[in-house]
Amino acid sequence: MADIRLIEIKEEILSDNKDLADEIRDTLRMNTVFMLNLMASPGGGKTSLIVNTIRNMKGAYRIGVIEGDIDSVVDAEKVVKEGVPAVQLKTGGFCHLDASMIKMALDEMDLKNLDLVIIDNIGNLVCPAEFDTGSHKNAMILSVPEGDDKPLKYPMMFSICDVLVVNKIDYLSIADFDMEVLKERVYRLNPEIKIIEVSCKTGEGIEKWTRWLTDEIKTHLHSAAL
Amino acid sequence: MHELAVTESILKIVLKHAQTNGAAKVLTIGLTIGELSELVGDCIQHYFDYMSKDTIAEGAILDIERSPIIFQCNDCKNTFPVSLRDTKDFACPACGSIKFALISGREFYIKDITIS
C-alpha cells in the first residue's frame, strides 16, 4: 500500500477572494474612491438609506451605486432617479456578493469621476458577512421591527461591521425593542462599532449618518492622496 | 447559503497542494472553521462529493474542526471562551469587564490534507 502523507496547508479558504478584494482596494486608491459595503435583511432599508445618503451628499461628492439585490431592477431605478449612476448586478439566486462580482461592476463604472461607491449588498445577514468585497468600510442596517435580539442570531455580521445603522426608529413606540439592550449586545460582540439611530422615513438621525460617512471619506481620501 | 462557493475554493486549493506534492489520491481534508461561521459541514461534504468527481480528491473525507469563540478582556487581558448561545450576556470571568476583543471564532482555513 502506498504511503500516506500529511501535508500542512494552513491556507485561507477564501484567499482568492481576499486577494482580489485587496486588488480592488488598490484600484480604488489609485482613483481616490471610497467604497462602502452596505448590508441588511430584506426590507431593512438599504435602498432607502442609499437614497437619503444621495440626497444629502450628492452636492459634495460624486456617488455611484452597485445594486446587488436579487434579479430585479427596481432598486437601481430608484437610485438612477436620484441622478447618480448605478450598476445592477444580476445575481440570480446568489446569497452574497464577492470580490469578483464587485470587480465586474466597478469595470462598468467611471471611477475617475466618482468619490464614493456604495454597494447595496444582497438582503441577508448571514452570507455577505463572510466575503470581503474590496470595500473600505462595512456598514449594516438593523431595522427596529426586526427586533433587538438579532445580534444573538447573526453574531458574525455584527462582529465584522464598522458601523451599525438602526433604522425605522419611528417604530420604537409601538415595537417591543429595547435600544439599550440592543447596544449592550452589539458592543459585546464588537466594542469598536459605531451605532447610529435613524429613520429613513422621517429623516431623523440621517445627518449623523452622513456626518460619519463624510468623516470616513475625508480620512480615506486624505490617506489615499499621501 | 454560500457553501457552494466555499466548496469550490476548497477543491481548488486542495488540488493545487495535492499536485505540488505529487499525490495520487487525496484521502482527508482538515478544515478549521470558527464557531461564528454559519457554514453547514454536511452540506460542504455533499457539494464536495459532487464537485470532486473525476479528480484525485474524489471520495476525500472532510474533517471539520470548529474553533471556539474566544475573547480577550481589554482590561485584565484574560482570555476566555464563550459559547454561541451565551453571546448575549457575558462578562470577563476574571474581572467582570465587558470590554473585550474577539481573538478566535472567525477562522476559515484548510489546515492540512492527507494524500497517498
Extending each Cα 7 Å along its Cβ direction at B:Asn74 and A:Lys90, get the distance between those two points in nm, one decimal.
4.7 nm
Could you work out, for segment A:107-218, what percent of all Cα-Cα pairs fall into each 5 Å distance bin, beginning at 0 Å and stopping at the bin that holds the largest distance?
2, 11, 20, 22, 21, 14, 6, 3, 1, 0
So, relative contact order of chain B in percent, Cα under 8 Å, 6 or more apart, is 36 percent
So which trypsin sites (Lys or Arg not before Pro) in segment A:2-111 pass both tests, a DSSP loop state and at most 12 other Cβ atoms within 10 Å of the Cβ?
A:Lys90
Let me check the size of the protein assembly as shown from its C-alpha atoms; what are the radius of gyration and Dmax in Å?
21.6, 73
Given R₀ = 45 Å, FRET efficiency for A:Ser15-A:Ser173 by Cβ-Cβ distance, to 0.05?
0.40
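With all distinct Cα pairs included, what does the Kirkwood hydrodynamic radius of segment A:164-212 come out to in Å, to one decimal, could you say?
11.5 Å
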Flagged as over-length at 22 Å C-alpha distance, from A:Lys168/A:Lys194; A:Lys18/A:Lys46; A:Lys10/A:Lys103, the pairs are A:Lys18/A:Lys46; A:Lys10/A:Lys103
Return a single number: how many Lys pairs in chain B, at a sequence separation of 8 or more or on separate chains, have alpha-carbon atoms below 24 angstrom apart.
12
How crowded by other chains is B:99-110, given as the mean number of beta carbons from other chains within 10 Å of each beta carbon?
4
Tally Lys/Arg at +1 and Asp/Glu at -1 over every other residue whose Cβ is under 13 Å from the Cβ of A:Pro145; what's the total?
-2
Could you list which residues have their amide H under 5 Å from that of A:Phe34, counting only those 5 or more apart in sequence or on another chain, with H placed in the peptide plane?
A:Leu116, A:Val117
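Taking Rh as the Kirkwood radius, which is the inverse of the mean 1/r over Cα pairs, what is the Rg/Rh value for segment A:25-205?
When Rh is taken as the Kirkwood radius, the ratio is 0.95.
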Based on DSSP H assignment, which helices of chain A show an axial Cα extent of at least 15 Å together with a mean Kyte-Doolittle hydropathy greater than or equal to -0.5?
A:46-57, A:179-189
Per 10 Å bin, what percent of the C-alpha pairs of segment B:3-115 does each bin hold, from zero upward?
14, 37, 22, 17, 10, 1
Using the 4.7 Å Cβ rule, please list in number order the cysteines from the protein assembly as shown without any candidate partner.
A:Cys161, A:Cys200, B:Cys43
DSSP beta bridges in segment B:3-115 [antiparallel fraction, %, rounded to 5]:
70 percent
Rounded to the nearest 500, what is the protein assembly as shown's calculated 222 nm mean residue ellipticity when only DSSP H runs of at least 4 contribute -39500 (n - 2.57) each, over all residues?
-10500 deg cm²/dmol
Using the alpha-carbon atoms, what tilt in degrees (0 to 90, nearest 10) does helix B:3-20 show relative to the longest principal axis of chain B?
60 degrees
What is the antiparallel percent of DSSP beta bridges lying wholly in the protein assembly as shown, to the nearest 5?
40 percent
Between A:Ala225 and B:Asp63, with labels modelled 7 Å along Cα→Cβ, what's the label distance in nm to one decimal, could you check?
5.5 nm
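Quick note: the coordinates plus some simple rules give every number you see, no bench work behind them. Quantities reported herein were computed from a predicted structural model and do not represent experimental measurements. So basically every Cβ, Gly included, is an ideal-geometry build from the backbone, and we count neighbours across all protein chains shown.
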